Amino acid sequence: MSGYTLYWKPGSGSMVVEAALRMIGVAFDAVEVDDTADTAFLALNPAGKVPVLKLACGPVIAESAAILISLDDMFPEARLLPPRGRSGHVKAVQWLIFMATNIYPACLRYYYPERHTTDPAPEAAEAIRSQAALDMDRDFARLAAAVQGPFLTGQTMTITDVYAAMLADWYDSAKNTPEIKALVGRVLENPAVAEAWRHHGFGA
Ligand SMILES: N[C@@H](CCC(=O)N[C@@H](CS)C(=O)NCC(=O)O)C(=O)O
């Protein structure tokens, strides 16, 4: 048993955490979660969501952005994020949180609109889905405008770029935005990311 256990599901946001662990080069166990409503899994994360990262020394971390920032704290030499104190660090954290709190939830509203309304009418779900698409179009445009090139914060890939690529893979019109498309191509040149991407079934 390694010191880290990643609870994951194919096609889910656990992809970016697996990519981070592979970029760090630390050994980890991967536990595929079949049922996020299972009592044993809810004991780890009462929100019933992946990703979850369990550390052998005790802590269990949920929330994708929190896991990535914690891993950067634990392994600063892996440069998941630019070094603290540099402007690149602040910007990479800002865009990571922007995506986790805006685009990721919009994507969930887009694919599961019926979970976001108490109105059972199909039109209600359709309205949620249409608004989610508008929200994603706006927020991906903001993200695309911020790309310094080839990566978000310039010449060096960060885990924030991998997060952007993951979300873009869930939403076709983002995937086709030139700045994002170029960024995804560059991100996938990294073998650690490519391995996590493949393992999670992204790019299908
Ligand atoms: N805010 C959470 C969102 C996590 C989330 O919504 N995960 C989805 C998969 S992408 C999930 O586990 N849904 C429940 C399920 O698939 O059973 C994060 O950033 O980690």
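The values are calculated or read from the model by the stated rules, or taken from the named source; none is laboratory data. These figures come from a predicted structure and were not determined experimentally. FYI the Cβ positions are ideal-geometry reconstructions off the backbone, even for glycines, and counts take in every protein chain you see. Accessible surface is based on the protein model in full, side chains and every heavy atom, while ligands, DNA and RNA are left aside. Shrake-Rupley method; radii C 1.70, N 1.55, O 1.52, S 1.80 Å.
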- Return a yes/no flag: does the stretch 148-166 have any residue that is open to solvent by 20 Å² or more (accessible area, probe 1.4 Å), closer than 26 Å to Tyr110 by Cα and aromatic (Phe, Trp, Tyr). no
- Message: Quick test of your reading of the structure: Ala65 fulfils all but one of (1) within 16 Å of Leu167 (Cβ to Cβ); (2) assigned by TED's automatic domain parsing to the domain that holds Thr158. Name the failing condition by number.
- Response: (2)
- Query: Does any residue in the stretch 27-49 that is not assigned by TED's automatic domain parsing to the domain that holds Trp8 come within less than 8 Å, Cβ to Cβ, of a residue that is more than 9 Å from the ligand (Cβ to nearest atom) and part of a loop (DSSP other than H, G, I, E, B) six or more places away or on a different chain, and which pairs are these?
  - Reply: none
- Please verify whether the stretch 126-141 includes one or more residues that are open to solvent by 30 Å² or more (accessible area, probe 1.4 Å) and either within 11 Å of the ligand (Cβ to nearest atom) or aromatic (Phe, Trp, Tyr) (or both). no
- Note on the structure: Counting only helices (runs of 4 or more DSSP H) wholly inside the stretch 1-115, the ones holding at least 2 residues that are open to solvent by 50 Å² or more (accessible area, probe 1.4 Å) and more than 26 Å from Tyr171 (Cα to Cα) are 39-44, 64-74, 87-98
